[in-house]
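The values are calculated or read from the model by the stated rules, or taken from the named source; none is laboratory data. Since we're looking at a predicted model, the values are computed, not measured. No Cβ is skipped: glycine too gets one built from the backbone with ideal geometry, and neighbour counts run over all protein chains shown.
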Amino acid sequence: MMNGVCRFYNAILVCLLVVVSAFSQPVDTLLTLPSGFQSVVFAEAVGRARHLTVRSNGDVYVALRKAKNGKGVVALRDSDGDHVADQISYFGDFVGTGIEIYHNHIYFGADTAVVRYALMDDALLPNPSPEVIIAGLPDQRQHRAKPLAFDDQGNLYLNIGAPSNACQEELRTPGSPGMDPCPQLQRQGTIWVFSAEKPNQTLQQDGKRYISGIRHCVAVAWNPLTGLLYGVQHGRDQLHSLWPDYYTEQDNAGLPAEEFLLFRRGSEYGWPYCYYDSRQDKKVLAPEYGGDGNKIGRCDQYEDPIMTFPAHWAPNDLHFYTGNQFPPRYRGGAFIAFHGSWNRAPEPQRGYKVMFVPFNGELPTGEKEIFADGFSGNSPIFSPREAKYRPMGLAESPDGSLYISDSTQGKIWKVIY
């Protein structure tokens, strides 16, 4: 009997040692998270991090906005299971935002092309020679990011943002009317669909318009549990500075809403002609097209959001949780990374957090809630430059943990339940 008791307590001791080993690195205390969650700093100073993706073996790949060590992607591996990257390498001659793993390739959304790198067995670094999947994408100073997503039918969805605030005749000029129709919608302000694996495609020859009328959707994701595409778009700026007769500084800080959208093929969402006013709970006509803050005009013909968020929070990534590590209420729900505002002055800037939206089927159920906060450090802040960190990308580990990237100092957190 004594031997049986000893074996029992030895087993308990072994389990405790495994748990202690797993968290031998100090738990990060910067982020505030719901009860039961904790964050570990997976890596620091990796570069100007944008989106990130995770391989089935746990390797993490992060797109960079600016080259580091002359390269545009950082690859990270935790080889000893302590939730901290101990192998860090760089590859790729392109910089950009979009990055996803699909059919054993790393797809990278550079500013003017989509390329892919073949993963090689269990090597951390892929084949260094990229294959061009989509070439000739428009280069532009505003909204140049090319985020991408994949469905389960061999399709690649690519956002091409609008290169303006509201398609004005004179860019960001007070009182300048909007071009009508907006010529930018021929190529931009649109999500296009391509073949995921056909090389050397072009927008003109191979792209098929999926939806249109969005200003810029850096946060775009396919939900594998519903088989639908979603996005959270950046709303327009400068209502007060461009149209002071209709909007106060306080109006500017609170308008327009950031829109969480369900994308159905062929739908139109209203940019640049309209914006969503969450105070009135409706789309209203933009001042560039004859609006005064109240007129609806043509805006009743466009799709409404499935949920809204406060103005100028800058949604920069969207991820639908499919794992089992987090409590069951999180499965199927959406995590959204908000990069933080610049256009609320002289009011304090807002955002700089990760939100969670519970889902039931195709649509949200219940209220949006703060999941991770504390990135900006100081409170209040009046400029993005004052923010210590800015959450940018989201990705799920095979074990169900959630990675969050920071674009300011290149920090990567791993959030564990």
Please find, among Leu229, Leu242, the residue that is more than 30 Å from Tyr321 (Cα to Cα), modelled with pLDDT of 95 or more and either out of contact with any Asp or Glu (no Cβ under 6 Å at 6 or more places or on another chain) or of a type in the set (D, E, K, R) (or both).
-> Leu242
What number of residues within region 376-404 are surrounded by 22 or more Cβ atoms within 10 Å (Cβ to Cβ), hydrophobic (A, V, I, L, M, F, W, C) and either out of contact with any Gly (no Cβ under 8 Å at 6 or more places or on another chain) or on the phi > 0 side of the Ramachandran plot (or both)?
-> 4
Strands (runs of 3 or more DSSP E) (entirely within region 4-69) containing at least 2 residues that are among the small types (Gly, Ala, Ser) and at pLDDT below 95 | none
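Quick check on region 366-392: of everything there that is of a type in the set (Lys, Arg) and in contact (Cβ under 8 Å) with a residue 12 or more places away in the chain, which residue is nearest to Ala334 (Cα to Cα)? Lay out the reasoning, then the answer.
Pass one, region 366-392, residues of a type in the set (Lys, Arg): 368, 385, 388, 390.
Restricting the remaining residues to those that are in contact (Cβ under 8 Å) with a residue 12 or more places away in the chain gives 368, 388, 390.
Numbers: Lys368: 9, Lys388: 25, Arg390: 19 Å.
Step by step, filter region 366-392, then rank; the result is Lys368.
So if I check each of Ser89, Ser129, Ser79, which one is surrounded by fewer than 20 Cβ atoms within 10 Å (Cβ to Cβ) and outside any loop (DSSP other than H, G, I, E, B)?
That would be Ser89, the only listed residue that is surrounded by fewer than 20 Cβ atoms within 10 Å (Cβ to Cβ) and outside any loop (DSSP other than H, G, I, E, B).
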Take Tyr107 and decide whether it is part of a strand (DSSP E or B) and under 19 Å from the mean Cα position of the chain (by Cα).
-> yes
Filter result for Thr202 (out of contact with any Lys or Arg (no Cβ under 7 Å at 6 or more places or on another chain) and more than 19 Å from Gly290 (Cβ to Cβ)) = yes
Return yes or no: is Thr190 in contact (Cβ under 8 Å) with a residue 60 or more places away in the chain and of a type in the set (Val, Ile, Thr)?
-> no
Which residues, taken from region 262-283, are assigned to a strand (DSSP E or B) and surrounded by fewer than 23 Cβ atoms within 10 Å (Cβ to Cβ)?
-> Leu262, Phe263, Glu268, Asp277, Lys282
Cβ-Cβ below 6 Å, separation at least six or inter-chain, first residue in region 32-46 and farther than 17 Å from Gly377 by Cβ, second among the aromatic types (Phe, Trp, Tyr): which pairs?
-> Gly36/Tyr417; Phe37/Tyr417
Considering region 110-126, residues that are part of a strand (DSSP E or B) and without any contact (Cβ under 8 Å) to a residue 24 or more places away in the chain, and then whichever is surrounded by the fewest Cβ atoms within 10 Å (Cβ to Cβ), we arrive at Ala118
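Residue-by-condition table, conditions (1) out of contact with any Pro (no Cβ under 7 Å at 6 or more places or on another chain); (2) in a loop (DSSP other than H, G, I, E, B); (3) closer than 21 Å to Thr97 by Cβ:
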residue: Leu171; (1), (2), (3): yes, yes, no
residue: Gly175; (1), (2), (3): yes, yes, no
residue: Leu185; (1), (2), (3): yes, no, no
residue: Gln188; (1), (2), (3): no, yes, yes
residue: His216; (1), (2), (3): yes, yes, yes
residue: Leu229; (1), (2), (3): yes, no, yes
residue: Gln250; (1), (2), (3): yes, no, no
Region 150-175, residues that are crowded, with 22+ Cβ neighbours inside 10 Å, under 23 Å from the mean Cα position of the chain (by Cα) and not polar (S, T, N, Q) | Leu156, Tyr157, Leu158, Ile160, Gly161, Ala162, Ala166
